Structures are given as C-alpha cells and as structure tokens.
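S.K.: Got a structure here, written out as structure tokens. Questions coming.
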Amino acid sequence: MIPESNKLIVADWVMLGITASIIITLCSKSSPLYPFNDWADSNCFFTVGKAMSHGKVLYRDIYEQKGILLYLLHTVSYYISPRSFLGVWLWEIAAASAFLMISAKTLLLWAPRRILPLLLPVAALVYTLPCFVFGDSAEEFCLPLLAYALYAGLRADREDRALRRAEWLCIGITSACVLWIKYSMVAFYLGWVLVPAYTMMRQRDWRGMGEMVLYVALGVVIVTAPVTAYFAFSHALNDLFTGYFYNNIFLYYRGNSTPLIIRTIRNLFNTFRDAAPLYGAVMLSLPWLLAQKDRRPAAQVILSMSALCFGIFNAEAHFRYYALILAIYMPIVCLPLRETTELWLPHISKILSYTVAAAAAAVIVYTNCSNFYLLEYKKEELPQYRFAAVMDRYDHASMLNYRFLDGGFYTVSGIVPEEKYFCLLNLSLPEMIEEQDRCVREGRADFLVTMDRDREYPLYRLLSEETFPRTGESHTYRLYIRRDLPD
C-alpha cells in the first residue's frame with residue numbers, strides 16, 4: 001500500500017503549477033515573451049480553430065489532418081486572443097501543470113514526498129528537448145491524458161487491486177480525447193490494457209472484465225457522441241472519415257517500399273537524437289522495475305511503450321515531435337535514484353532542496369532551449385506583422401497561403417481563409433494542389449503569400465518581400481496583390 005505521507009499536499013500542487021508556468025513561458029514560442037510562434041503546425045491549428053469559430057465545418061469546408069478536439073482548443077484560444085497565441089500559451093500551462101501533477105503522483109507510488117524536487121529538472125529537460133519543438137503540438141496536449149492511464153494502472157498494481165469503475169470511466173474519457181486529438185497515440189492503450197485484462201482473466205474476474213468494457217465504452221461515448229453529432233448535423237460524416245482516417249492512413253507519408261516493422265524500428269532509432277533522455281529514462285528504469293517482486297508495473301511500461309512506439313513510428317516519414325509523448329515515462333527514471341537521494345535529502349531543508357532543483361532546472365533551460373533566438377526580434381521585424389500591416393488597409397481582404405505550410409499570415413492578419421485548402425499540407429492529395437492553383441488562376445484571393453517561390457502570376461503583382469529565419473532556417477516570403485486592387 002501507498003503510505004499516507006506520500007500524498008500530494010497543497011504546497012506541492014502550487015509548486016508544480018508554478019514550475020509548469022515558468023518553464024512553458026520560457027520554452028514555448030506561444031509565450032508572450034516571444035514575438036510570435038512561427039511553427040507551421042501551430043498556425044495550421046489556430047487557422048482551423050478560427051475558421052470553425054466562423055461556422056466552417058472541419059474537413060468539409062476547411063481541411064487539416066488532426067482531430068477535432070485539438071482544433072476546438074484553438075477555437076477557444078482564438079476567442080481569448082484573435083491574433084496571437086496567448087490562449088494557446090494558457091492551454092500549454094494547463095497541460096504541463098496536469099502532466100507534472102500526475103507525474104508526481106506516479107513517482108509517489110514508490111518514493112516519499114521529499115523526492116519531488118527532482119521533478120523540476122526533469123520537467124525542464126522534457127520541455128527543452130528537440131522533440132518539444134516550438135510549443136503547441138498535439139503530443140504536448142496528450143501528455144496528461146496518457147500519463148493518467150499509466151498512473152492509474154501502476155497505482156492499481158501497487159495497491160494489488162483492480163481498477164475501480166470511476167478509473168475505467170476516466171480511462172474511456174481520456175482515451176477518447178486522445179482519439180479525437182491524434183488517433184495514432186491510441187495504440188498506447190492497446191498495450192497498457194493487457195496487464196489489467198490478463199490479471200482479471202487469471203483470477204476469473206468476469207464481473208470486473210464486464211465493468212471494464214462497460215465503463216470504458218461509456219467514457220468513449222461521452223466524448224465521441226458530441227463529435228459524431230457535430231459532423232452528422234453538418235452532413236459531414238463522410239468528410240470526417242475521409243479527412244481524418246482514410247487520408248492519414250493511406251496518403252500521409254505512407255508507402256510499401258519498406259516493411260512495416262522495419263520502418264517502425266528505423267524511425268524509432270532516427271528519433272533517438274531528438275529524445276535520447278526519454279529513451280534513456282526507460283532503459284535505466286526497466287532493470288529497477290524488473291527487480292521488484294511485483295512484475296506487473298514493468299510489464300505495463302514495456303507493453304504500453306512498445307504499442308505506443310509502433311503506433312507513432314510506423315509511417316514512412318517521421319518528425320521529431322512524435323517522440324515527445326514518451327515523456328510520460330520520465331518520472332519513472334527518478335525511482336532508481338530513490339535510494340541515493342534518500343541518503344542526503346533528509347539532511348537538507350525542503351527550501352534548500354527545491355532551491356538546488358530549481359537552479360538545476362534553470363541551467364537546463366538556459367543551455368537546452370533552442371527557441372531563445374527568436375527573443376532577439378520584435379514583432380514589427382517579422383514578415384507576418386509587416387504583411388498584415390499592408391493587408392489591414394483593405395476591408396474584408398482575402399488571402400491564400402500558397403504552396404507551403406501555414407506561415408502564420410492568417411493568424412497575425414486575422415483573415416479567415418475562404419479556401420478549403422488554405423495551405424499546402426504534408427499529404428499526397430492532388431486535389432489540394434489543384435484547388436490552390438485554381439484559386440490563383442481565377443484570382444479568387446485578394447492577396448497571395450509565398451515562401452521561396454520567385455515567380456510571376458498573371459493576375460497578381462509583387463507588393464513586398466521579406467527574408468526571415470523561420471523555425472531556425474532562413475526563408476524569403478513574398479506578398480502579392482491582385483492587379484485590379486489599388487496599392
């Protein structure tokens with residue numbers, strides 16, 4: 001059983017919340033410290049969320065590849081701040097706080113409360129890894145959701161009991177949220193559930209099996225019913241299936257050139273440089289877990305991580321932010337250090353231990369965060385703000401982000417895209433390019449924004465040109481205006 005003294009107290013909640021707030025503020029480009037979050041993915045999410053707030057139906061009227069819950073977060077963010085990532089920054093703080101608090105509860109399943117200061121440098125490491133990228137990824141918002149399932153399973157193992165009905169219900173709700181944010185990460189649950197399911201089968205606990213199925217299904221329905229109702233009432237169920245499932249499975253960097261298992265293993269190794277501490281955390285923790293009398297926690301970590309890695313690394317291509325979700329296993333790395341830290345932690349004050357941990361976290365943030373370069377710039381130096389200043393002079397202007405991922409020009413200008421394919425996505429979908437080209441040929445947009453495309457367009461003339469480092473690489477952006485519009 002878990003000692004009562006291992007429970008979190010109010011001071012712990014406050015400290016973890018403050019830690020999350022400071023680290024996200026320093027490390028995420030969505031933070032008010034930064035002039036702008038220029039990551040294409042973040043701007044895609046924000047543009048779609050904004051479009052949905054103006055009545056456009058996801059996948060039918062405005063197209064992007066993630067799940068609807070991610071865009072609803074950005075819809076709320078748009079209402080908070082229509083032309084900045086202030087709302088996203090608040091969501092990131094909330095997600096990071098929840099993740100750290102659940103991680104703390106996971107750590108306390110084995111360790112005493114005085115080990116909690118170790119979470120400060122751990123948090124700093126997670127949010128400064130290359131796989132964190134720039135802030136505002138789908139993986140970042142799924143961290144507390146998957147971390148909860150890991151915690152609930154490990155707690156049940158430690159207390160030598162089956163999961164309770166309320167826990168199964170929460171598993172159903174959180175897994176459905178993951179499904180409707182980025183479904184590939186649902187693979188985690190397929191590995192995670194094997195341990196409790198096997199335990200109930202071995203004990204012939206058929207009632208428990210029935211409750212598991214019933215309450216997980218109920219939790220999934222609670223989240224999924226409103227989602228399907230939205231698309232059904234919008235007459236867009238087919239768009240949902242095609243846009244979110246079919247296209248992602250068959251058109252998003254998929255191919256038959258490499259066997260499934262081989263490309264999964266290849267991508268797993270390719271991401272090591274972007275998330276080495278995450279892989280290392282599990283490797284260091286497994287011997288400790290396997291040495292315990294109860295092998296169920298080790299089995300749950302191994303099976304859930306194996307399934308998760310297969311789910312996120314099986315595509316032909318990989319992106320570094322895929323590996324961030326492996327951070328749910330980071331608290332476990334503190335466990336092998338328990339005996340060492342318990343030798344000296346009792347001899348120093350709580351204030352001193354948190355001070356030392358905070359200093360270590362500060363050093364990690366200062367040396368590891370790769371986003372600080374953008375702090376050198378002011379908003380008015382960014383192409384997004386310079387082009388927006390031009391477009392703001394025209395009432396009800398329309399714009400097309402032509403032939404590249406969303407560069408943030410919709411975000412800063414406040415323009416709601418009129419085209420379904422408002423930018424060029426990483427998807428082998430001929431219709432997307434054809435529609436963008438048709439928009440240019442017909443002059444449907446008042447303005448065009450291009451990146452690294454020095455070309456002439458019959459219906460447009462060049463208005464402005466800016467070169468700027470986007471996500472660390474220098475690119476040249478050009479703003480074109482339709483020829484029939486005045487300067």
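S.K.: Got a sec? Which of 377, 329, 394, 373 is buried (at least 19 other Cβ atoms within 10 Å of the Cβ) and at pLDDT 90 or above?
M.R.: Among 377, 329, 394, 373, only 329 is buried (at least 19 other Cβ atoms within 10 Å of the Cβ) and at pLDDT 90 or above.
S.K.: Is it the case, given these coordinates, that residue 224 is among the polar types (S, T, N, Q), part of a helix (DSSP H, G or I) and over 27 Å from residue 149 (Cα atoms)?
M.R.: It is false that residue 224 is among the polar types (S, T, N, Q), part of a helix (DSSP H, G or I) and over 27 Å from residue 149 (Cα atoms).
S.K.: On the basis of being within 26 Å of the chain's Cα centre (by Cα) and closer than 26 Å to residue 379 by Cα, does residue 468 make the cut? First the steps, then the outcome.
M.R.: Values: within 26 Å of the chain's Cα centre (by Cα): yes; closer than 26 Å to residue 379 by Cα: yes.
When the stated conditions are applied, residue 468 passes them.
For (1) of a type outside the set (Lys, Arg); (2) outside any loop (DSSP other than H, G, I, E, B); (3) touching a residue at least 12 places away in the same chain (Cβ under 8 Å); (4) in contact with a strand residue (DSSP E or B) (Cβ under 7 Å, 6 or more places away or on another chain), each residue gets a yes or a no:
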position	(1), (2), (3), (4)
386	no, yes, yes, yes
389	yes, yes, no, no
406	yes, no, yes, no
412	yes, yes, yes, no
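The rows are residues; the columns are (1) in contact with a Lys or Arg (Cβ under 6 Å, 6 or more places away or on another chain); (2) without any contact (Cβ under 8 Å) to a residue 12 or more places away in the chain; (3) among the basic types (Lys, Arg); (4) within 27 Å of residue 56 (Cβ to Cβ).
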| position | (1), (2), (3), (4) |
| --- | --- |
| 187 | no, no, no, no |
| 199 | no, no, no, no |
| 206 | no, yes, no, no |
| 233 | no, yes, no, yes |
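S.K.: Looking at region 237-335, what helices (runs of 4 or more DSSP H) fall wholly within it and have at least 1 residues that are touching a Ser or Thr at 6+ places or on another chain (Cβ under 6 Å) and closer than 26 Å to residue 152 by Cβ?
M.R.: 296-313
S.K.: So which residues in region 134-163 are farther than 14 Å from residue 199 by Cα and open to solvent by 10 Å² or more (accessible area, probe 1.4 Å)?
M.R.: Kept after step one, since they are farther than 14 Å from residue 199 by Cα, are these residues of region 134-163: 134-152, 155.
Listed by number, the residues that qualify are 134, 141, 144, 145, 148, 151, 155.
S.K.: Then there is this: Would you tally the residues in region 235-264 being open to solvent by less than 80 Å² (accessible area, probe 1.4 Å) and in contact (Cβ under 8 Å) with a residue 40 or more places away in the chain?
M.R.: Qualifying residue count, region 235-264: 16.
So that you can scan it fast, the table gives a plain yes or no per residue for (1) modelled with pLDDT of 95 or more; (2) under 14 Å from residue 324 (Cβ atoms):
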residue	(1), (2)
92	yes, yes
130	no, yes
148	yes, no
153	yes, no
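The values are calculated or read from the model by the stated rules, or taken from the named source; none is laboratory data. If you're wondering where the values come from, they're calculated on a predicted model, not measured in any experiment. Every residue, glycine among them, receives a Cβ derived from its backbone with ideal geometry; neighbour counts consider all protein chains shown. The accessibility values were calculated without ligands, DNA or RNA, using every heavy atom of the protein model including side chains. Shrake-Rupley method; radii C 1.70, N 1.55, O 1.52, S 1.80 Å.
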